[in-house]
Amino acid sequence: MIKRRKKLIIISAFLSFLLLMLIVVYMINPQPVNAMMVDFSSMEKQGKHIYVEPDISEVTTTILLNDFEQSRERVSGFFEDLQDNPTLLFVQSPHALEKYAQKNRTGQTYYTYWGNYIVIGPDGFNADVIAHELMHSELRKRLKNKDEVPVWFDEGLATLVDYRYNSDKFISFDKINELSSRDVFYEPSHVKENYEIAHSEINRWFGIVGKSGLVELIDGLNNGKEFKTIYKSIESQS
């Protein structure tokens, strides 16, 4: 009886801690929490993990569902199978954009303990943006530590399934390393150029190492290897 009571106290304390953390996160950054609570919202469920704002027309919804399937096919072309099954929210009204997307009208992905949540705004209602975010989600699902890859690799890999990018610029590896931090990569006056640089480098690298090289990189990182070393090593062995 005493052991059972002690167990209940521990469980209650743990749940209370989780609730407190959720409240703190919501106060600081409510959008990811709102996305996690989408089941309790007015968003309309379309399929198992897809939610569409009610104001979005039936025709547009059908197009978005088709775009989603095309996007999954693009991402699956880089892996033997897809491990992640993120929740997607399609929103377009100013209220929904503020509630779920921090007013971002294109696309963004939230990585949470309960799973990944992708929010797509009206400027991202196409297969390119959806595939871009799905690739982010899939990579993070496969990595034990999402911070093991620099920003330029994360974004560059996503551009390979995003057909808006088509850059053949030659960039030295030393130059690409300057784009490893979020502050530098997303600096507003250079962010467009930085995406193109990242695309150029990853397009070059993947063209050499292929699908097996990408999987080897992820496995190596999960086994404690340093990114820059294994990135170069895989290329030199291909």
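The values are calculated or read from the model by the stated rules, or taken from the named source; none is laboratory data. Note that the structure is a prediction, hence the values are computed from the model and not measured. With ligands, DNA and RNA removed, areas are computed over all heavy atoms of the protein, side chains included. Shrake-Rupley method; radii C 1.70, N 1.55, O 1.52, S 1.80 Å.
In terms of solvent-accessible area of protein heavy atoms at a 1.4 angstrom probe, what is the ranking of Leu160, Leu64, highest value first?
Putting Leu160, Leu64 in descending order of accessible area: Leu160, Leu64.
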TODO: Provide the gained length on full extension for the span Lys228 to Ile63, in nm with one decimal, where the gain is 0.36 nm per separating residue minus the Cα-Cα distance.
DONE: 55.4 nm
Task: Length-normalised contact order of the chain in % [C-alpha pairs under 8 Å, at least 6 apart] - done: 14
TODO: Read phi for every residue in region 55-61 and hand back ³J(HN,Hα) as whole Hz from Karplus 6.51 cos²θ - 1.76 cosθ + 1.60, θ = phi - 60°, with x for Gly and Pro.
DONE: 6, 6, 5, 5, 5, 4, 4
TODO: Hey, can you grab everything whose amide H is under 5 Å from the amide H of Tyr51? Only 5+ residues off in sequence or another chain; H modelled, so Pro and N-termini drop out.
DONE: Gln46, Leu88, Leu89, Phe90
Task: In order through region 71-82: 3J(HN,Hα) via Karplus (6.51 cos²θ - 1.76 cosθ + 1.60), integer Hz, x for Gly, Pro - done: 5, 4, 5, 4, 5, 5, x, 9, 9, 5, 8, 9
TODO: Tell me what the chain gives for mean residue ellipticity at 222 nm when only DSSP H runs of n ≥ 4 count, each as -39,500 (n - 2.57), the sum divided by the residue total, rounded to 500 deg cm²/dmol.
DONE: -18500 deg cm²/dmol
Open item on the list: Over the chain, with the other protein chains present, what is the accessible area per residue in square angstrom, probe 1.4 angstrom?
Closed with: 57
- [ ] Express the Stokes-Einstein translational diffusion coefficient of region 190-238 in µm² s⁻¹, to the nearest whole number, given a Kirkwood radius over alpha-carbon pairs, 20 °C and a viscosity of 1.002 mPa s.
- [x] 187
Task: Pairs from Lys146/Lys232; Lys175/Lys211; Lys141/Lys211; Lys192/Lys232; Lys146/Lys211 whose Cα-Cα separation, in the structure shown, is over 22 Å - done: Lys175/Lys211; Lys192/Lys232
TODO: Using only protein heavy atoms and a 1.4 Å probe, report how much of Arg140 is accessible, in Å² to the nearest 10.
DONE: 40
Task: Residue of Glu178, Glu133, Glu73 that the Gaussian network model of the chain assigns the largest fluctuation, springs spanning Cα pairs under 10 Å - done: Glu178
Open item on the list: How compact is region 103-168 by the rule of thumb for globular proteins, expressed as Cα Rg over 2.2 N^0.38 Å?
Closed with: 1.11
Open item on the list: Give me the percent of accessible area attributable to carbon and sulfur for the chain, probe 1.4 angstrom.
Closed with: 54
Open item on the list: Quick check: the angle from helix 227-237's long axis to the longest principal axis of the chain, C-alpha only, nearest 10 degrees?
Closed with: 40
Task: P(r) tail fraction, region 67-138 - alpha-carbon pairs more than 16 Å apart, % - done: 44
TODO: Return the tail of the calculated pair distribution for region 76-233, meaning the percent of Cα-Cα pairs more than 27 Å apart.
DONE: 22
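Averaging the inverse of every distinct alpha carbon separation and then flipping it gives the Kirkwood radius. What is it for region 136-224, in angstrom units?
So the Kirkwood estimate lands at 13.4 Å.
When only Cα pairs under 8 Å and 6 or more residues apart are kept, what is the percent relative contact order across region 75-176? The partial results should precede the final answer.
On the way: 124 pairs, mean separation 24.6, N = 102.
For region 75-176, the relative contact order is 24 percent.
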TODO: At q = 0.31 Å⁻¹, work out log10 I(q)/I(0) for region 51-103 with the Debye formula, treating every Cα as an identical point scatterer and leaving solvent out; two decimals please.
DONE: -1.16
